[in-house]
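The values are calculated or read from the model by the stated rules, or taken from the named source; none is laboratory data. In this text, all values refer to a predicted model and were calculated from it rather than measured experimentally. Cβ sites come from the backbone with ideal geometry, for glycine too, and all protein chains shown count toward neighbours. Just the protein is used for accessible areas: all its heavy atoms, side chains included, with ligands, DNA and RNA removed. Shrake-Rupley method; radii C 1.70, N 1.55, O 1.52, S 1.80 Å.
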Amino acid sequence: MIKVDLVVLGGGINGTAIAREAAERGLSVVLLETHDLASATSSASSKLIHGGLRYLAQGHLHLVRESLQERERLLRHAPHLVKPLSFVMPTNQYDVKDWQVGVGLWLYDHLANRGTLHKSVRVARKDKLLQPLLPTVTSARRYQDCWGDDARLVISNALAAQARGATIYNYVSDYQIKRQDTHWQITIAAPNTLQIQAKLVVNATGPWAIQALEQVTGNTSPYRLSWVKGSHLVVPRFYEQDVAYTLPQSDGRIVFVIPYLERYCMIGTTDIHYHADPRQAHLDRQEQDYLLTAVSRYFQQAPHASQILWHFSGVRALVADKQDNPSKTSREYQLVLDTQAAPILSVFGGKLTTHRSLAEKAVNQCKSFFPQLQASISACTPLPGGDIQDWLHFEAQCIEQYPFIPRPTLQRYMHTYGTRIQHLLHCKYRLEDLGAIVTADLYQHEVDFLRKTEWAKTDEDILWRRTKLGLSCLMSPSLPF
Ligand SMILES: Cc1cc2nc3c(=O)[nH]c(=O)nc-3n(C[C@H](O)[C@H](O)[C@H](O)COP(=O)(O)OP(=O)(O)OC[C@H]3O[C@@H](n4cnc5c(N)ncnc54)[C@H](O)[C@@H]3O)c2cc1C
């Protein structure tokens with residue numbers, strides 16, 4: 001039997017961020033995830049670390065401001081995983097007027113409050129950035145936001161939690177949890193039997209938050225979540241400009257075209273009310289047509305259906321309101337503490353971008369149960385691998401230290417592990433020290449490293465979440481896996 005302060009249910013971005021925050025503040029923590037870390041919504045996002053222009057248009061200024069602050073922190077504390085990305089937002093006389101975009105971006109710049117990213121600028125029609133677009137585009141604005149590796153942000157938070165003493169278990173599919181007076185009793189049956197006693201449970205199970213709450217407490221929850229499916233298409237890169245495009249649509253939505261892994265573009269997303277199993281969410285024909293049409297309304301050489309290489313879908317768990325239009329349902333999160341006997345804190349909603357601030361508030365809410373709780377340090381502490389002052393210097397150092405690693409592989413290691421590259425390549429002096437190639441540029445040594453240090457158990461964990469090599473394997477069927 002182990003006794004801990006906190007058991008966190010759910011190993012998505014919010015669960016791992018809460019585990020990190022609690023462990024950093026001196027609490028003993030166990031995190032239980034029924035599948036793999038980041039296996040649900042947290043690896044199916046648009047991967048934008050952003051304030052959210054459309055939330056601005058909907059008047060959610062508080063959420064936008066909080067997100068922009070977190071964007072700045074992530075740029076500083078996880079520069080290997082979060083990168084500035086320029087966006088071009090074209091305007092035409094039908095969907096959105098130039099002055100509307102100008103006002104919106106002016107406000108966006110001001111809410112960012114002297115951040116490190118460039119302020120928005122007007123783009124002339126003859127600018128190279130607008131060359132791939134149709135002549136109906138009359139003007140455009142350029143602004144900056146960030147791209148982030150969603151699944152690796154989850155792993156990084158889990159690593160940070162573990163570094164402060166938290167224990168992380170994934171693939172714990174068989175466990176029982178019971179309230180016993182003032183504490184919780186958790187019995188894990190498989191893969192290994194284990195008894196845990198916890199003072200407080202955090203329910204960070206994303207789309208399953210109501211289901212988990214009802215199962216754990218045995219009561220019907222007064223809260224409701226709306227499930228909204230969002231899908232993305234991945235196609236070969238169809239323009240050479242090094243920017244993403246933000247495409248306003250006549251239904252008031254925005255569709256993004258985002259450069260992805262050098263050779264590809266991600267197109268997304270949709271907003272569809274969803275009622276089936278979130279794990280089975282997949283792109284349907286209507287979404288495919290919607291996304292392709294959205295792009296063809298702006299691009300001269302828009303991709304067609306036969307060029308879709310891959311697609312993925314995820315389910316947003318939004319706090320239910322009376323909105324019929326899923327795009328307009330608020331993206332604000334809610335933290336609900338049930339203090340009857342043994343307490344349980346539930347997380348409803350939340351964005352990838354705001355995971356740290358959500359976690360800080362979540363742990364603050366538990367203060368009265370833990371007098372020993374220390375002050376939060378996450379706002380000024382790098383994530384594991386993120387202690388990089390100057391990227392160019394870091395890059396030069398890696399090239400000098402590991403000349404035997406092929407440059408594209410070294411680049412991938414730098415962006416995946418940041419300064420943890422030193423752990424990955426500890427005592428490696430020749431390429432042969434990395435073992436045989438398993439697939440793409442994945443060497444046996446990296447597989448072993450991920451199994452040993454990042455809770456990877458299956459090929460999928462390694463190819464689609466710990467690394468982004470799954471797409472390379474899909475594109476080259478001759479590769480193993
Ligand atoms: C299409 C789409 C695009 C998005 N784009 C962006 C974006 O660009 N930027 C942004 O900031 N946000 C974005 N988001 C939102 C963001 O992805 C989510 O808010 C975030 O990933 C939610 O994380 P989570 O930890 O709450 O949930 P999840 O990632 O779903 O994690 C919940 C975890 O709980 C586990 N679980 C379930 N039941 C149990 C149980 N009983 N016990 C233990 N574990 C359990 C699940 O297996 C899962 O791993 C997007 C979302 C979608 C769907």
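With θ taken as phi - 60° and the Karplus curve 6.51 cos²θ - 1.76 cosθ + 1.60 applied, the whole-hertz 3J(HN,Hα) list for the range 80-92 is 7, 10, 10, 10, x, 9, 7, 10, 10, 10, x, 10, 9 Hz, x standing for glycine and proline. Note on the chain: helix-only mean residue ellipticity at 222 nm, from DSSP H runs of 4+ residues weighted -39500 (n - 2.57) and normalised by residue number, equals -8500 deg cm²/dmol.
Among the protein heavy atoms of the chain, carbon and sulfur supply 52% of the accessible surface, probe 1.4 Å, non-protein parts ignored.
Short to long, the 10 Å bins of the Cα pair-distance histogram for the range 3-116 hold 12, 31, 31, 17, 7, 2, 0 percent of all pairs.
Taking 26 Å as the limit for the C-alpha separation, the pairs 47/119; 47/361; 361/457; 428/457; 119/468 exceed it in the case of 361/457; 119/468.
Give me the percent of DSSP beta bridges within the chain that run antiparallel, rounded to the nearest 5.
On the way: 62 of 81 bridges.
If we restrict to bridges inside the chain, about 75 percent are antiparallel.
Given contacts defined as C-alpha pairs under 8 Å and at least six residues apart, what's the relative contact order of the chain, whole-number percent? The partial results should precede the final answer.
Working: 947 pairs, mean separation 98.2, N = 481.
Answer for the chain is 20 percent.
Expressed in units of 2.2 N^0.38 Å, where N is the residue count, the Cα radius of gyration of the chain is 0.98. Only one residue of 414, 404, 431 has its Cα farthest out toward the positive end of the dipole of the chain, where Lys and Arg carry +1 and Asp and Glu -1 on Cβ, and that residue is 414.
Given R₀ = 30 Å, what would the calculated FRET efficiency be for residue 433 paired with residue 35, taking r from the Cβ atoms and rounding to 0.05? Walk me through the intermediate numbers first.
On the way: r = 33 Å, r/R0 = 1.10.
It comes to 0.35.
In terms of the ratio Rg/(2.2 N^0.38 Å) built on C-alpha atoms, what value belongs to the range 391-475?
Numbers: Rg = 12.5 Å, N = 85, 2.2 N^0.38 = 11.9 Å.
My calculation over the Cα atoms of the range 391-475 gives 1.05.
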